[in-house]
Structures are given as structure tokens and as C-alpha cells.
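Colleague: Can you read through this structure? Questions will come right after.
The values are calculated or read from the model by the stated rules, or taken from the named source; none is laboratory data. The structure displayed is predicted, hence computed values, not measured ones. Because the Cβ atoms are built from the backbone with ideal geometry, glycine has one as well, and the counts that use them run over all protein chains shown. To get the accessible areas, we keep the full protein, side chains included, count just its heavy atoms, and leave off ligands, DNA and RNA. Shrake-Rupley method; radii C 1.70, N 1.55, O 1.52, S 1.80 Å.
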Protein chains: 2
Amino acid sequence: MKNEIKIFSPATVANVACGFDVLGFCLDNIGDDMVIRKTDKKGIHITKIEGFDLPFEAELNVAGVSALAMYEAAQPDCGFEIEIYKNIKPGSGIGSSAASAVGSVFGMNELLGRPYNKTELTQFAIKGEALASKCEHADNLAPAIFGGFTLVKSVSPLEILEIPTPEDLYATIIHPQIEIKTSEARAILPKEVALENAITQWANFGSLIHSLHTSDYDLIQKSLHDVIVEPHRSKLIPHYKEVKEAAIQHGALGAGISGSGPSIFTLSKGLENAKNVKEAINKVYSETGITFETHVTKINTEGIKILN
Amino acid sequence: MKNEIKIFSPATVANVACGFDVLGFCLDNIGDDMVIRKTDKKGIHITKIEGFDLPFEAELNVAGVSALAMYEAAQPDCGFEIEIYKNIKPGSGIGSSAASAVGSVFGMNELLGRPYNKTELTQFAIKGEALASKCEHADNLAPAIFGGFTLVKSVSPLEILEIPTPEDLYATIIHPQIEIKTSEARAILPKEVALENAITQWANFGSLIHSLHTSDYDLIQKSLHDVIVEPHRSKLIPHYKEVKEAAIQHGALGAGISGSGPSIFTLSKGLENAKNVKEAINKVYSETGITFETHVTKINTEGIKILN
């Protein structure tokens, strides 16, 4: 058995339109690299962090907290060193903390001979994610671990469903480099919603799940609507409406807020469309004066993976 | 081409738990018989009604109104006579008016050489259904026409999705012979619902659609919950809770209000379970003094059909 592995821990999109709080998907070429190493020295030790300034104390680091949760459950005869090469900017809305939380437990599980299944890994990772987001949720963790589209049916008990990914589906993501406070993104949500809108939302969501099962791109397009959360949270993202309109005009099936923003995701059929969408939204944002990044990526059906 | 056909127009369950207002399914051995006959005399004429006391004037009869809607669109060189042998009691909550609305247009379409597709037939039937329910909805019509499980994604434009039916799924239905006024069933619904409950509902609904695609009976069981409507409307049905509990104790995957009641539907894996559930709920209701009927039926994946 190996003593060290290098991992790619992917970025993810949660809150997929009408699937707010439950549906997420996994990105392919955006993510963190991590090295997990078995050590004789007991305990969890974060030995290297590159990319962003994050705490080295395991108890204060998302990857450390999830690692500790698994370490306490597994009670192994060894310890672990964790190196984090962070590419996903914290607070970007594409699962930065989830990638860290997942990476450590996935790597440790591999080095221990896979004592835990994917749902159990998610359960450990929830503890790390909770450090960042102050509540236990799994909507970014599940797609990172399982790959593809995941539906977190419930957190307690943790129940994750793997939804099929149509083969030709690509995401274009724009990350405007602004900060949205999680507290603000939460406070702007209504506590109550109109029954009529809730019905529209679950009609669309049921339809979206059906469309993913049947690879019906037209139906994906018709279903990717969020009448509950987007009207509120989109106010926090400058030029949201223009980005969405430009994306759809240039071939996107739909668009929505990634996580609680500020990133915006769009889905397209085929790489060409996804690239055209990137050009179109680049154009919108290049006129705003706000720094931004855009990414085009296939939906990653594999999820987190070993690199060496 | 035939000049007369006999039709079986099935009963249906709408408002399937978390799929309130959008998901329905079709029953197999409960339904109305209808005879549709081409005539030289123009117009729509209802010539026979057996079973229940309903108006013969086409404009005042659900089957007549949907027939007239299609007749005006098709402008055929003939007229039609309609005979209705009604078995589904009006107001029972298992799509009595929908069966009538669907039967006439299905039969006429057959006799005219099928100029209309199933969605178009549903569109005509909506006009008939609206006479009975005072609003345009298709959640009982769609399963009667398409068979199996249907998701009415939207009424305007009319968009109906056919959801797969797991092979071994049976329904047990109890119809307590009480009257629930539609106005009361509507008035008892809240205008606003907690966002948290709405999220639970669409998590369950997405999960239910997934479970129907994957024939995952355990997941059907875990998904058949309605946290939005059932808590209110179940108050209108005497002994609702006892029926539901007895059904689940005796092997049902779940239960809910059929349509707006008073019928209660349960779903089970396998005929044996469905029969046991029937015994269990018979026992509950036989102690109440309320007259009732129970039915065990396979999910009808064919929908409305020609008998001769």
C-alpha cells in the first residue's frame, strides 16, 4: 500500500437553479491539488498550504477538521500530513471549502485501504464544511466525492442520489472577483414563499431530474429555472441579468447562481456552445471594470481522483 | 374506419404526495365505459348516461364540453353521439370528471383517424375538466390519456412528461363516501409556505422522480412524503392518519390524499402487499360507521383504451 498520494479535488456547483439546496454538479478542470502522506507521527498535520492564506492548525482548517473527524472514527496506527495546493479561491461560490474538506478524507481513506464508502466520506467532510459555512450541508461535498450530478435528499440521515449526467453537457462559469458575505446571502432569502411559486419550483425540479435521466437537452433548458431564490440573491451579483441573458442568447441552456455566488454557472450542450457562452459573458463583464475569471469545463462524472 | 367504439376511461390519482399539483398516475380496473358513435347528424349529442345523474346537455356535461372543444377545432363532416356508463363516483377524488373529459375526445379522435396527438387531446379535455373544477388543470387528465405516471410540468403551454412506472407497483385506494367541497379543499391551503418545507418537498419530489426512473422501491418509500399540503387537507378526511399508519404498517411504501380527497391512495411493491394493505385499511374504516369502497389495482401504463 502506498504511503503518499496526490489528489485532484474538484470545484463544484451547488444550488443548481430549481434544485436550490439539494442539487449540485462536479467541474472537471478547476480544483485543488492535495498531497496526503501517512506518517509514523500520530495526528493530523497540515504541512504546506499554497495559493491562499489559510490556517495550518488542523482544528481551524477545513481540510484538517474533516480529517480529524475521520481520524477519530478510524483510530489508525499512523498519522497524516496534508499539503494543500489551493486553486479555488475561498468565497468564490464553486465549492472551495468543500474541495478541501473532501480532499483530506478521500486521500486518507485511500491510504487506509478504503474502509469507508462515499457517503461515509461525505459525512466526515460535512464536519470540515461546517467550519467554513457554519452549518452542516453536503451540496458541494456530494458532487466532489461522487462526481456528476448529485441530489442530497437529506442531510440527517445523509442520503445522496447519483443522477445521470448527459454526455454532451458542459458548464461555463464566471467568477466575478467580488465578495458576498454568506450572512448577507442568507439574510436576503425569504422565510416564506408563495405556494404557487413552490409548486412551479418542484415541477421544474422534477422535470430537471427527468431531463437528466433522459438526456433531453430541450427539457433541461425548459427546467433550469429558479423562481424562489434567484430573484433575491441575484441582486447581490453585479450584472447578473446581463450575464444570464447573454449566455442564453449565445446558446446556453440556462444559467444560475453557483452556490451562494458570486460565481454564475451556465450549462450548454456541446463544447462549442460552452465556448461561445464564455465569449459572450466575457464581453459583458469586460465592460464592468470588475476583475473576473471564466472557465469552460465538461461535467466531471468521476469526481475527486488520484493523480499519481 | 369504424363508426362506433367502446372505450374504457380509467380513474386516476393526482397530487401524488410531494408531487402536489403536478404528478399523477393511472389506475387499471377502476373507470368508466363510454361509447362514441359517428352520426350524420352534426353536433355532439349525449344519448345515454348510466350510473350517476349528470346533465345530458353537451354544454353542461364534462364529456360534452371537451367533445365540443375538439369538434370546433376539427370541424368534421359528421356529428357524434356519446354514451356514458359511469362507474367513478363524481367527487371521489380519483378523477371522475377527468375520465369523462378524456373519454369523449379520445373516442372521437379514434373515429376521425387520430388527427390529434395525446397532448392535444389533453388540451381539449382541459376544457371539460374546467367545467367541473372551475380551473384549467391537467393532473388527472394526463395520466388517463398517457397512462403510467405523468408530470404536468406546465399547463400553459401544456407540457406533459411521461415518467417510467416500476413494474411491480400497485395501488390500494380507499374511497370514504363523504363529500369534500372543492372550495373547502382549496380554502384550507396556505397561500405561503416555509422555504424550509418547500425545499424538503422538492428534495423529495426530485428523489421520487429518480426512484421511478430507477425502480428503487426503497427510495419511493423514502420520497413519498408531502410536508406542504397533507398536513392541512388531511384534516378534511376522517381517520386519515389511522388509514395511513395501518397501510404503512402492513407493507405500503407510502400513502397520500388522492386529488383533493376524500379518497386516499397507497402504493405498494407487489400485489400481495397491496392486498394486505386493503385488508388493513378496510379494518380501520369498518369501525368508523362511514360507508367506503377499497380497490387494489396495478398501475395502468396503457391509459385509456378501446374495448371492442
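Colleague: Any idea which residue in the stretch B:223-250 is nearest to B:K269 (Cα to Cα), counting only those that are surrounded by fewer than 19 Cβ atoms within 10 Å (Cβ to Cβ) and of a type in the set (A, V, I, L, M, F, W, C)?
Modeller: B:I248
Colleague: Taking only the stretch A:120-150 into account, find how many residues are under 15 Å from A:E162 (Cβ atoms) and assigned to a loop (DSSP other than H, G, I, E, B).
Modeller: Here the count works out to 4.
Colleague: Tell me which residues, restricted to the stretch B:180-193, are more than 7 Å from chain A (Cβ to nearest Cβ) and either of a type outside the set (A, V, I, L, M) or not in a loop (DSSP other than H, G, I, E, B) (or both).
Modeller: The initial filter retains those residues of the stretch B:180-193 that are more than 7 Å from chain A (Cβ to nearest Cβ), namely B:180-188.
Within the stretch B:180-193, B:K181, B:T182, B:S183, B:E184, B:A185, B:R186, B:A187 meet the criteria.
Colleague: Continuing with the same structure: Restricting attention to the stretch B:194-215, which residues are out of contact with any His (no Cβ under 9 Å at 6 or more places or on another chain), more than 7 Å from chain A (Cβ to nearest Cβ) and either closer than 17 Å to A:A17 by Cβ or surrounded by fewer than 18 Cβ atoms within 10 Å (Cβ to Cβ) (or both)?
Modeller: B:E196, B:N197, B:S215
Colleague: I'd like to check something: does the stretch A:5-18 contain any residue that is on the phi < 0 side of the Ramachandran plot, charged (D, E, K, R) and in contact (Cβ under 8 Å) with a residue 60 or more places away in the chain? Break it down into steps so the answer makes sense when it comes.
Modeller: Within the stretch A:5-18, the first condition is being on the phi < 0 side of the Ramachandran plot, and the residues that meet it are A:5-14, A:16, A:18.
From what's left, charged (D, E, K, R): A:6.
With in contact (Cβ under 8 Å) with a residue 60 or more places away in the chain added as a condition, the list becomes A:6.
Checked the stretch A:5-18: at least one residue is on the phi < 0 side of the Ramachandran plot, charged (D, E, K, R) and in contact (Cβ under 8 Å) with a residue 60 or more places away in the chain.
Colleague: Sticking with this one: Looking at (1) open to solvent by 30 Å² or more (accessible area, probe 1.4 Å); (2) closer than 30 Å to B:F292 by Cβ, which one does B:Y116 not meet, given that it meets all the others?
Modeller: It fails just one condition, (2).
Colleague: Does any residue in the stretch B:197-219 that is at positive phi come within less than 9 Å, Cβ to Cβ, of a residue that is open to solvent by less than 10 Å² (accessible area, probe 1.4 Å) and not in a helix (DSSP H, G or I) six or more places away or on a different chain, and which pairs are these?
Modeller: That search, which allows pairs on different chains as well, returns B:S215/B:P166; B:S215/B:L169.
Colleague: Residues being open to solvent by less than 20 Å² (accessible area, probe 1.4 Å), at pLDDT 95 or above and either within 24 Å of A:T297 (Cβ to Cβ) or polar (S, T, N, Q) (or both): count how many of those fall in the stretch A:166-193.
Modeller: So the answer is 8.
Colleague: Then there is this: Among the residues of the stretch A:155-179, write down those that are in contact (Cβ under 8 Å) with a residue 60 or more places away in the chain and within 10 Å of chain B (Cβ to nearest Cβ).
Modeller: A:I163
Colleague: Out of (1) among the β-branched types (V, I, T); (2) closer than 20 Å to B:I30 by Cβ; (3) open to solvent by less than 40 Å² (accessible area, probe 1.4 Å); (4) in contact with a helix residue (DSSP H, G or I) (Cβ under 7 Å, 6 or more places away or on another chain), what's the single condition that is false for B:I220?
Modeller: Status for B:I220: all satisfied but (2).
The rows are residues; the columns are (1) within 13 Å of A:Y85 (Cα to Cα); (2) open to solvent by 20 Å² or more (accessible area, probe 1.4 Å); (3) in contact with a strand residue (DSSP E or B) (Cβ under 9 Å, 6 or more places away or on another chain); (4) assigned by TED's automatic domain parsing to the domain that holds A:A132.
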| position | (1), (2), (3), (4) |
| --- | --- |
| A:K38 | no, yes, yes, yes |
| A:K41 | no, yes, yes, yes |
| A:T47 | yes, yes, yes, yes |
| A:P55 | no, yes, yes, yes |
| A:A58 | no, no, yes, yes |
| A:G64 | no, no, yes, yes |
| A:A69 | no, yes, no, yes |
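Colleague: Condition first: part of a helix (DSSP H, G or I), among the charged types (D, E, K, R) and closer than 12 Å to B:L161 by Cβ. Now tell me which residues in the stretch A:208-241 satisfy that.
Modeller: Once the filter is applied, which keeps residues that are part of a helix (DSSP H, G or I), among the charged types (D, E, K, R) and closer than 12 Å to B:L161 by Cβ, the stretch A:208-241 yields A:D218, A:K222.
Colleague: Looking at (1) touching a strand residue (DSSP E or B) at 6+ places or on another chain (Cβ under 8 Å); (2) within 14 Å of another protein chain (Cβ to nearest Cβ), which is the only condition A:N29 fails?
Modeller: (2)
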